Amino acid sequence: MSSEIRLAFAHPSERAEATARPAPLDRISLRDHVVEIEIGAFQAERGTTQRICFNVVVEVEPLQGPIDDDVDRILSYDRVTEAIAHELAEERLNLLETLAERIAERILLEPQAIRAFVRIEKLDRGPGALGVEIVRGKDALPGGELEEDRPHPRLAYLSNEAIRSPHLSGWIDQMEQRERPLIICVGAHDLAVPQTGHAMTQRRIDLLAIEQNAWVLAARDPRCVVVSTRTELDWAMKNGQISVWAPSKIVLDAVDGPSAHPRDSVALAAWFAATFEAGEMLVLGADLPDQPGVPLRGVPVDQAHL
C-alpha cells in the first residue's frame with residue numbers, strides 16, 4: 001500500500017502530522033466516539049437510528065508560558081464532544097458532509113483552535129464503514145457567529161381571513177416597522193386536503209397544505225418571501241427580509257420535534273417561535289394555543305390595530 005493510500009485511511013492525527021505547517025502546533029484528538037442518531041438522505045434512513053463514529057483532531061496554538069496545570073488555559077476535550085452533541089441536537093441532517101462542516105466550524109470558533117480534522121463514518125450501512133473526512137482552517141471560517149448571536153424575531157400568525165383581508169398590506173406595514181425581524185406563519189388553505197389514513201404520509205400532506213398557503217400569502221404581498229431552511233431564515237433576519245415560514249423541512253428534520261399536529265397550525269407556529277427564541281408572537285384572527293412557550297398576543301381580524 002502506498003504511503004498516500006495508507007495516509008488516506010489513517011487516523012486524522014496522522015494526516016495532521018503529515019500536513020503540518022512549518023510552525024509547530026499542538027494537537028488534541030477524539031478517537032472512535034460512537035453515537036446512535038437518525039441521519040441520512042434515503043427514506044429508509046428516516047424514523048430509525050444508526051451508529052455514527054467520530055474521529056476528530058484539533059490543532060491548537062502552543063501555550064505561551066507554563067501551563068500551571070490550569071484547565072482554563074487549554075482547549076478541553078469536552079469542547080470537541082460538546083460541538084458534536086450541539087450539532088446533532090440542532091436538527092436532523094441528510095448528509096455527513098453537512099454535519100462535518102458544522103462541527104468543524106463550531107470547533108474553530110474556539111480561540112485556541114487553528115485547524116480541525118473531522119472524520120465521520122456510518123457503521124451500519126454496509127459491510128464496512130462509510131464516511132467522509134474534512135480539513136478546515138480558521139482562516140476559512142465563514143462569519144464566525146454562533147447561534148446565540150442570531151437576532152430574536154417577531155412572529156406573526158395570520159389566519160386565512162387575515163390573508164384575504166383588504167387590510168393585509170397595511171398590517172404588514174405596521175409589523176415591518178417594529179425593531180425585530182419579522183417572520184410570518186400561516187395555517188393550511190381552506191381547500192380539501194387528501195386523506196391517506198397513514199400517519200406519516202398524512203403529516204407530510206398537511207404540512208404541504210400549509211406551504212401552499214404560504215405561497216398564497218407571498219402572492220398577495222411581494223415583500224413576503226417563502227423560506228424553508230434555518231440558513232435562509234438566519235440570512236433573512238439579518239438582512240431585513242420578511243419571511244413566510246414553509247414548515248416541512250424544519251419540522252421533519254427537528255431532533256425534538258413539535259407535539260402539535262400540523263392541523264393545529266397556531267400551536268405549530270408557537271413551537272417554531274419558541275425554537276427560534278422569538279421575542280413575541282402575534283396571532284391575527286385565530287385562537288391562542290395552550291402552553292405556547294413564547295409570549296402571545298391575539299387580535300381579532302375585525303379589531304386589528306397592530
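Brief remarks on what is shown
- Peptide ranges 275-283, 258-266 listed from the most packed, as the mean C-beta count within 10 angstrom indicates: 275-283, 258-266
- Sum of side-chain charges, ILE242 neighbourhood, beta-carbon under 10 Å (Lys, Arg +1; Asp, Glu -1): -1
- Over the chain, dividing the summed -39,500 (n - 2.57) contributions of all DSSP H runs of at least 4 residues by the number of residues returns a 222 nm mean residue ellipticity of -10000 deg cm²/dmol.
- Helix 77-90 vs. the chain, principal-axis angle (Cα, 0 to 90°, nearest 10): 30
- Distance between modelled label sites at ARG263 and TYR77, nm, 7 Å Cα→Cβ extension: 5.1
- Note on the chain: antiparallel DSSP beta bridges, both residues inside, total approximately 55 percent of the bridges counted.
- The range 150-303: Rg to Rh, with Rh as the Kirkwood radius over Cα pairs: 0.93
- Potential lengthening between GLN195 and ALA219 on full extension [0.36 nm per residue; Cα-Cα distance subtracted]: 6.0 nm
- Net length available on complete extension from LEU109 to ALA23 is 28.9 nm, with 0.36 nm assigned per residue and the Cα-Cα distance removed.
- In straight-distance terms, cross-link reach from LYS249 covers every one of the lysines whose alpha-carbon lies under 17 Å from its own, apart from those fewer than eight places away in the same chain; here that gives an empty set.
- Close amide H partners of ALA156, meaning residues 5 or more places away or on another chain with modelled amide H under 5 Å apart, are ILE183, ILE184, CYS185, LEU282.
- Rounded D (µm²/s) - the range 33-127, Kirkwood Rh over Cα pairs, Stokes-Einstein at 20 °C, 1.002 mPa s: 146
- Cα convex hull volume per residue for the chain (Å³): 170
- Proximal aspartates and glutamates to LYS122, defined as alpha-carbon separation beneath 17 angstrom and excluding residues fewer than eight positions away on the same chain: ASP32, GLU36, GLU38, GLU45, GLU87, GLU97, GLU101, GLU133
- Order of TRP271, TRP215 - criterion: other Cβ atoms within 10 Å of each residue's Cβ, fewest first: TRP215, TRP271
- Between the Cα long axis of helix 199-220 and the first principal axis of the chain there is an angle of about 70°, rounded to the nearest 10.
- Net charge contributed by nearby residues that have their C-beta within less than 12 Å of ALA267 (K/R +1, D/E -1): -2
- Stretching the chain fully between LEU123 and ASP256 yields a gain of 45.5 nm (0.36 nm per residue, less the alpha carbon separation).
No value in this document is a laboratory result; all are computed from the given coordinates. Computed from a predicted model, the values in this text were never measured in an experiment. FYI the Cβ positions are ideal-geometry reconstructions off the backbone, even for glycines, and counts take in every protein chain you see.
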